Amino acid sequence: MKTYISLFLLLIVIGASAQNTAVLNTDLGSTIIDKHIYGHFSEHLGRCIYGGFYVGESNTKIPNTQGVRLDVVDALKKLKVPNLRWPGGCFADTYHWKDGVGPKAKRPTIVNTWWGGVTEDNSFGTHDFLNMCELIGAEPYLSGNVGSGTVQELSEWVQYVNFDGVSPMSNWRKENGREKPWNVKFWGIGNEAWGCGGNMVAEYYANIYRQYATFMSNSEKAKLFRIASGASSDDYHWTEVMMRDIPHNMLEGIALHHYSVIDWGKKGSAADFSEQQYFQTMQRALLMDELITKHATIMDKYDPKKKVALVVDEWGGWYDVEPGTNPGFLFQQNTIRDAILAGATLNIFHKHSDRVRMANLAQTVNVLQAVVLTDEEKMILTPTYHVMEMYNVHQDATYLPLSISGGDYTFGSEKLPAISASASKNKAGLVHVSLVNIDPKNVKEISIELRGGKYASVSGRILTSAKLQDHNTFEKPDAVKPVAFKQASLSSNVLKVTLPAHSVVVLELK
């Protein structure tokens, strides 16, 4: 009997050990993790533009270049933001770009009916945004007005920013102070056409898209990357119609929007939440894997060579606004929960890098899952910022398939995979491994056998804190920040990691 009991216990130990063991073939990667999945989103919403990016050129002591905050620019440069989406969002389909060029004193005002009913003075327009992108080192992604605009309006915007010859629009650009075009590549043709972009059915929008795309001209230095307004979460019919009804020589990308929302009627607090709410948020976040898989399967049917990109140009956590703030401004805090959400989502994007080649976190400053928060002259970096900065080593690196079964994170009768992971190899031969422990209570022991190369050293950083609810404030801006990670060792090409609860770790192997 003792022999059987000993054998049984041994099998349990072996099984438990196997749950946390994986193999990483460092020489078998084939797809590139496109840097553009690390894009961001800036809408005329709340204090994202005004007070966030832009403080104006007068009556401010905040250091700026032509009204653009230099502290925000510097932060985003360090983040290596590859692209920035503007002017919306829902706002894009009420925005008329000609209102935002020329002398600022002569620009007309409009009412921002989507976000707070505030007056938009159009002081931040095309020149301001595109020049700011140059400061950041990011490619601009312009979202065109299809909902209330015209084909001519969008085609003239393309000509205004991209045409280098003689034309009414390029001449007007020069009169407004910009001699050479910006050569904008990325263009969204409408936003959420199924909702705030016009409440269209998929078949109708597909025809509208074809019409608009027809009159958008490539220039010598800017071959357009046209992105169709895509599905909301699991609306697979929408993707089916886009792929079926739009000729693929008119289409470079299809969007997908998915937010990690517990309940649209009662989203819950961004910083004062229960473990149940955390679990539900992570359920919605990890659903991204299934959504991408199913939308990509539809795209594969029509586009087996994967020429059309899936562009997840709105994603992130969405909670109730902070108490006492304008409900139309969508200002929320950013905690360790958001860091976990960001790390796990980026790992999912890496996994699907053959189809997902662009994405945009919503939104950059002071709105939703922002990477930067500002208050007058003060600026802080959020836990989400730190994760995206740690992860930017994966940009344009070769994806290395990595699957770790680290057991489950269980809450009540439900469960989620406890560990999210991804890996890549850059052009210098360095391997980076990203690990997220979703479990808020339990440490995870991980062992990864490395094949395809010899590695002698490991270093890394970790982002975690005592509680999931911990976050940075203007009084304590560095309460949550990355520190050196010492719980990883490398011996005989086996990487062993002790991963603390609710943590994000990025390792570098040499």
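Could you go through the range 101-109 and let me know if any residue there is outside any loop (DSSP other than H, G, I, E, B), buried (at least 18 other Cβ atoms within 10 Å of the Cβ) and in the same structural domain as Thr382 (by TED's automatic domain parsing). Walk me through it before giving the result.
Step one: of the range 101-109, the residues outside any loop (DSSP other than H, G, I, E, B) are 104-106.
Filter again for buried (at least 18 other Cβ atoms within 10 Å of the Cβ), leaving none.
No, the range 101-109 contains no residue that is outside any loop (DSSP other than H, G, I, E, B), buried (at least 18 other Cβ atoms within 10 Å of the Cβ) and in the same structural domain as Thr382 (by TED's automatic domain parsing).
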(message) When the residues of the range 137-187 are narrowed to those that are assigned to a loop (DSSP other than H, G, I, E, B) and in contact (Cβ under 8 Å) with a residue 60 or more places away in the chain, which ends up nearest to Gly230 (Cα to Cα)?
(response) Val146
(message) What's the total number of residues in the range 472-486 that are closer than 12 Å to Ser459 by Cβ and of a type in the set (S, T, N, Q)?
(response) 0
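So that you can scan it fast, the table gives a plain yes or no per residue for (1) of a type in the set (Asp, Glu); (2) surrounded by fewer than 20 Cβ atoms within 10 Å (Cβ to Cβ):
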{"position": "His258", "(1), (2)": "no, no"}
{"position": "Asp272", "(1), (2)": "yes, yes"}
{"position": "Gln276", "(1), (2)": "no, yes"}
{"position": "Met282", "(1), (2)": "no, no"}
{"position": "Leu287", "(1), (2)": "no, yes"}
{"position": "Thr297", "(1), (2)": "no, yes"}
{"position": "Lys301", "(1), (2)": "no, yes"}
{"position": "Lys305", "(1), (2)": "no, yes"}
(request) Might you let me know whether the range 3-25 holds any residue that is at pLDDT 95 or above and buried (at least 17 other Cβ atoms within 10 Å of the Cβ)? (result) yes
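For (1) closer than 27 Å to Leu142 by Cα; (2) assigned by TED's automatic domain parsing to the domain that holds Asp478; (3) modelled with pLDDT of 95 or more; (4) of a type in the set (A, V, I, L, M), each residue gets a yes or a no:
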{"site": "Leu368", "(1), (2), (3), (4)": "yes, no, yes, yes"}
{"site": "Asn392", "(1), (2), (3), (4)": "yes, no, yes, no"}
{"site": "Val431", "(1), (2), (3), (4)": "no, yes, yes, yes"}
{"site": "Lys441", "(1), (2), (3), (4)": "no, yes, yes, no"}
(request) Given the conditions (1) β-branched (Val, Ile, Thr); (2) more than 24 Å from Ser58 (Cβ to Cβ); (3) touching a residue at least 40 places away in the same chain (Cβ under 8 Å), report the number of the one that Val101 does not fulfil. (result) (2)
(request) Select from the range 430-449 the residues that are surrounded by fewer than 21 Cβ atoms within 10 Å (Cβ to Cβ) and aliphatic (A, V, I, L, M) and write down the one among them that is nearest to Ala285 (Cα to Cα). (result) Val443
(request) Filter the range 216-253 for residues that are among the aliphatic types (A, V, I, L, M) and either outside the structural domain of Lys305 (by TED's automatic domain parsing) or in contact with a Phe, Trp or Tyr (Cβ under 7 Å, 6 or more places away or on another chain) (or both) and give the result. (result) Met216, Leu224, Ile227, Ala228, Ala231, Met243, Ile246
(message) Scan the range 185-194 and tell me whether some residue there is over 27 Å from the mean Cα position of the chain (by Cα) and either hydroxyl-bearing (Ser, Thr, Tyr) or more than 30 Å from Leu79 (Cβ to Cβ) (or both).
(response) no
(request) Would you please name the residue that is surrounded by the fewest Cβ atoms within 10 Å (Cβ to Cβ), looking only at residues in the range 352-367 that are farther than 16 Å from Asp396 by Cα and in contact with a helix residue (DSSP H, G or I) (Cβ under 8 Å, 6 or more places away or on another chain)? (result) Val365
(request) Report yes if Thr410 is hydroxyl-bearing (Ser, Thr, Tyr), part of a strand (DSSP E or B) and under 19 Å from Gly343 (Cβ atoms), otherwise no. (result) no
(message) Pairs please, first residue from the range 275-293 and of a type in the set (Phe, Trp, Tyr), second anywhere and surrounded by 20 or more Cβ atoms within 10 Å (Cβ to Cβ) and assigned to a helix (DSSP H, G or I), Cβ atoms under 9 Å, 6+ apart in sequence or on different chains.
(response) Tyr278/Arg337; Tyr278/Ile340
(message) I'm trying to understand the selection: among the residues of the range 78-100, which are assigned to a loop (DSSP other than H, G, I, E, B) and touching a Leu at 6+ places or on another chain (Cβ under 7 Å)?
(response) Gly89
(request) Count, please, the residues in the range 194-246 that happen to be within 20 Å of Asn145 (Cα to Cα), part of a loop (DSSP other than H, G, I, E, B), of a type in the set (S, T, N, Q) and touching a residue at least 24 places away in the same chain (Cβ under 8 Å). (result) 1
(message) What pairs come out if I take residues in the range 112-126 that are in the same structural domain as Ser58 (by TED's automatic domain parsing) and assigned to a loop (DSSP other than H, G, I, E, B) and pair them with residues that are surrounded by 15 or more Cβ atoms within 10 Å (Cβ to Cβ) and basic (Lys, Arg) whose C-beta lies under 6 Å away, six or more apart or interchain?
(response) Asn122/Arg107; Ser123/Lys104
(request) Could you tell me whether the range 483-497 includes any residue that is in contact with a Gly (Cβ under 9 Å, 6 or more places away or on another chain), surrounded by fewer than 20 Cβ atoms within 10 Å (Cβ to Cβ), of a type outside the set (Lys, Arg) and part of a strand (DSSP E or B)? (result) yes
(message) I want to confirm something. Restricting to the range 266-299 and keeping residues that are aliphatic (A, V, I, L, M) and not in a helix (DSSP H, G or I), which single residue is farthest from Ile348 (Cα to Cα)?
(response) Ala271
(request) Could you identify the single residue in His36, His40 that is within 30 Å of Phe129 (Cα to Cα) and either part of a strand (DSSP E or B) or at pLDDT below 50 (or both)? (result) His40
(request) Keeping to the range 299-343, report how many residues are in contact with a Phe, Trp or Tyr (Cβ under 6 Å, 6 or more places away or on another chain) and not small (Gly, Ala, Ser). (result) 6
(message) Here's a check for you: in the range 368-379, which residue that is of a type in the set (A, V, I, L, M, F, W, C) and surrounded by 24 or more Cβ atoms within 10 Å (Cβ to Cβ) is nearest to Val81 (Cα to Cα)?
(response) Val371
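The values are calculated or read from the model by the stated rules, or taken from the named source; none is laboratory data. All values derive from a computational prediction rather than experimental measurement. Note that we place each Cβ from the backbone using ideal geometry, even for glycine, and neighbour counts take in every protein chain shown.
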